[in-house]
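Read the structure below first, then the notes.
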Amino acid sequence: MKIFADSACDLPWSFFEESEVELFPLSVLLSDKEYADIIEINSTEVFDAIRQGQQPKTSQASPEKMLNTWNELVASGEEGIYIAFSSQLSGTYQTAVMTSDQVKEENPSLNLVIIDSKCASLGYGLLVKEAVRLRDEGSSVQEIGQHIRTMAKHMEHLFTVEDLDYLAKGGRVSKASAFIGGLLNIKPLLHVEDGKLVPIEKHRGRKKVLRRMIEMMEERGSHLEQQTIAISHGDDLVAANEFKAMIEDVVQPKAIEIHQIGSVIGSHAGPGTLALFFLNKTE
């Protein structure tokens, strides 16, 4: 069985190599040059460019690579499962469906499950890691697909950004709100609802918004002591570790994973972003 994921899951290249997961890199356009995420550019380079005033652009995974991959899957006779970045944030899921339908017209034997995770960053990454665990335990493609779809529905994303200007450039908040927010040190609290980024609250100062994120995890989370939760950060490991310590003062999850936000999501959220991922329902 083959597992496929794209670079918006914000897991490091070492994970893809060690876990035998095939990567579909999204693209980053920087200084008029296009780079394959993770393979040709890393998010530290992207964050440095943003700090210098550049505005990276991003695009979905290559349709040609997907088409070739699905044809290879047919030739090998293996089963496959592709967990995709939220269809509300990228066209990659739709491209996967379109290219797989194209292959199926000539090769009906293609055995591929494609899942719209409606998730992003490590919310998505936790799904991919769970799929690997289930594969290694011997679960079937259908069993993994059913479990991951259920898990995806219950994945919570809470995040805040250091500078509202980055979200303003991406059209997530108005430029006026970003200007006023900068003056007043206002930090937005956002979550993901049906695959879309949705602002829900504003707080003055980072500490207050992080405390509120922990409160919301307590309110929304289920059996946190049995969960591996995740923190992703926009090139600020010190802040991520401080956030981890704040969480551990209040709740004691089974484990807390920390990874840097990848190039694609980082291009829109900007340096200093902090995000928290956990489940609101567990089996």
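The values are calculated or read from the model by the stated rules, or taken from the named source; none is laboratory data. What you are looking at is a predicted structure, and each value in this text was computed from that prediction instead of being measured. Counting neighbours? That spans all protein chains shown, and the Cβs are built from the backbone with ideal geometry, glycine included. Calculation scope for accessible area: heavy atoms of the full protein, side chains included, ligands and nucleic acids excluded. Shrake-Rupley method; radii C 1.70, N 1.55, O 1.52, S 1.80 Å.
Residue-wise test of (1) within 14 Å of the chain's Cα centre (by Cα); (2) more than 22 Å from K104 (Cβ to Cβ).
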{"position": "S7", "(1), (2)": "yes, yes"}
{"position": "P12", "(1), (2)": "yes, yes"}
{"position": "F24", "(1), (2)": "yes, no"}
{"position": "A36", "(1), (2)": "no, yes"}
{"position": "I39", "(1), (2)": "no, yes"}
{"position": "N42", "(1), (2)": "no, yes"}
{"position": "I50", "(1), (2)": "no, yes"}
{"position": "I83", "(1), (2)": "yes, no"}
- Task: Might you let me know whether region 17-37 holds any residue that is within 17 Å of G125 (Cα to Cα), free of Cβ contacts under 8 Å to residues at least 12 places away in the same chain and either open to solvent by 10 Å² or more (accessible area, probe 1.4 Å) or in contact with a helix residue (DSSP H, G or I) (Cβ under 9 Å, 6 or more places away or on another chain) (or both)?
- Result: yes
- Test set (1) modelled with pLDDT under 95; (2) loosely packed, with under 13 Cβ neighbours inside 10 Å - G91 fails condition number: (2)
- Here are V113, V97: which of them is open to solvent by less than 60 Å² (accessible area, probe 1.4 Å) and in a strand (DSSP E or B)? V113
- The residue from P253, P271 that alone is under 17 Å from R206 (Cα atoms), in a loop (DSSP other than H, G, I, E, B) and of a type outside the set (D, E, K, R) is P271
- So which residues in region 32-80 are of a type in the set (A, V, I, L, M, F, W, C), more than 24 Å from G145 (Cβ to Cβ) and outside any helix (DSSP H, G or I), if there are any at all? A36, I38, I39, I41
- Query: If you take the residues of region 202-234 that are open to solvent by 50 Å² or more (accessible area, probe 1.4 Å) and closer than 16 Å to G272 by Cα, which of them is modelled with the lowest pLDDT?
  - Reply: R204
- Task: Please work out if Q52 is open to solvent by 70 Å² or more (accessible area, probe 1.4 Å), in contact with a Gly (Cβ under 6 Å, 6 or more places away or on another chain) and of a type in the set (S, T, N, Q).
- Result: no
- Item | Selected residue (criterion: surrounded by the fewest Cβ atoms within 10 Å (Cβ to Cβ)) from residues of region 235-271 that are farther than 18 Å from E219 by Cα and of a type in the set (S, T, N, Q) | N241
- Filtered residues of region 177-201 (kept if surrounded by 18 or more Cβ atoms within 10 Å (Cβ to Cβ) and either modelled with pLDDT of 80 or more or of a type in the set (S, T, Y) (or both)): K187, P188, L189, L190, H191, V192
- Message: Anything in region 119-170 that is part of a strand (DSSP E or B), at pLDDT 95 or above and open to solvent by less than 20 Å² (accessible area, probe 1.4 Å)? List them, or say none.
- Response: M155, H157, L158
